[in-house]
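The values are calculated or read from the model by the stated rules, or taken from the named source; none is laboratory data. Being a predicted model, the structure only gives us computed values, none of them experimental. Ideal geometry is used to build each Cβ from the backbone, glycine not excepted, and the neighbour counts take in all protein chains shown.
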Amino acid sequence: MKENVGKIDSYLRITGGLTILGIGISRNSNLLIGLGSMKVAEGITKFCPILHLLGKSTKDDGITLNFSKNFTNDVGEDEAFDS
């Protein structure tokens, strides 16, 4: 089994799965319990059978996103706060 789920996706699957699992337990819903358990398992193993069937992956390929962008204010201070 080759990992096809990235780090952030894995955390989201575990968090969402635990939430769905908790709701399923509180409502006594076997469907929600099964779905939540499946998502937690996908997050822990970092493998998603649906992604595998589609040939997709959310695993990091060494791509780093840099969100440190400098923004400048094109408006003068007096104009910025005029209504």
Among (1) in contact (Cβ under 8 Å) with a residue 40 or more places away in the chain; (2) surrounded by 15 or more Cβ atoms within 10 Å (Cβ to Cβ); (3) in a helix (DSSP H, G or I) - the single one V5 does not satisfy: (3)
Exclusive hit being at positive phi and either modelled with pLDDT under 95 or surrounded by 16 or more Cβ atoms within 10 Å (Cβ to Cβ) (or both), set G17, G55, G24, G43: G55
